[in-house]
1. Going by average Cβ density within 10 Å per residue, which order do the peptides 105-111, 215-221 take, highest to lowest?
2. Could you check the simple spin-label distance between residue 75 and residue 140, using points 7 Å along Cα→Cβ, in nm with one decimal?
3. Order of 72-82, 14-24 by packing, highest average Cβ count within 10 Å first?
4. What does the extension gain come out to for residue 90 and residue 15, with contour length at 0.36 nm per residue minus their alpha carbon separation?
Ligand SMILES: Nc1ncnc2c1ncn2[C@@H]1O[C@H](COP(=O)(O)OP(=O)(O)O)[C@@H](O)[C@H]1O
Ligand SMILES: [Mg+2]
């Protein structure tokens with residue numbers, strides 16, 4: 001793992017890389033993310049957890065320009081990010097997706113080269129259509145792409161078609177492609193989803209190695225062992241709100257986090273009142289159903 005070019009311009013450990021302030025995202029009547037603040041500092045791995053539907057991916061989409069937040073601001077290294085995905089990538093924020101998005105019929109190497117398009121003068125279409133400009137830029141990017149494949153452990157499969165890779169390798173390739181844009185911050189949306197325990201361990205090591213290259217990491221995952229091993233800090237979203245944030249030790253011992261995962265409402269939880277009302281209505285409904293059934297019999 002000898003990638004040293006990424007560390008250029010790396011801010012000092014501890015200075016904020018990402019600052020999201022008051023991020024709210026509404027879809028019609030649904031507030032998927034509500035007033036979320038989150039900071040990721042240089043040198044950190046930060047985890048984002050929360051039950052399904054908590055708003056984690058929506059929050060990522062707000063950070064990466066895929067969605068324009070209804071309210072709030074997102075800054076990277078002190079500048080507000082433009083609300084366009086390619087400009088966010090260009091600014092230095094790269095991501096992977098919850099559902100793998102690779103060019104299935106391109107080779108492993110080509111997928112990584114496409115990931116470099118924000119760092120070359122040639123655009124994405126030129127890369128896809130393999131025009132003369134792309135070929136020139138490709139020569140310059142080739143060594144860097146191979147270096148990344150080596151870093152990720154896929155150098156021997158550079159010529160394989162992406163679709164022929166085993167699932168765990170496809171996830172790794174997504175990470176290599178994201179790294180190809182030379183980010184200062186990497187956002188990973190469920191990088192170990194569907195992986196076996198051994199693949200998960202390899203991914204954990206890979207994320208530590210990425211952090212050691214000077215890239216801050218924000219990672220969404222459901223695998224708690226993975227998250228609490230990996231992260232310096234963890235934030236828990238529940239129903240779009242940030243419920244708890246702290247070190248792994250603090251968050252894993254927090255009753256509210258445990259309750260959120262087990263689905264047990266607790267005093268003061270977002271939506272707890274509604275849950276209580278629904279449960280009360282269901283309970284009375286169940287009683288009247290029972291009595292109706294009783295009458296019918
Ligand atoms: N484009 C969209 N339009 C409408 N609702 C959406 C959209 N994207 C996400 N949502 C809703 O926002 C909520 C949060 O979803 P999501 O961010 O995918 O949760 P998570 O990643 O935590 O599982 C869900 O209720 C989901 O249905
Ligand atoms: Mg999600």
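Please treat every number below as a calculation from the coordinates, not as lab data. Worth saying up front: this structure is predicted, and the values here are computed from it rather than measured. Heads up, the Cβs are rebuilt from the backbone with ideal geometry, glycines too, and the neighbour counts pull from every protein chain shown.
1. 215-221, 105-111
2. About 3.2 nm, to one decimal.
3. Final packing ranking: 14-24, 72-82.
4. Stretched out fully, the residue 90 to residue 15 stretch lengthens by 25.0 nm.
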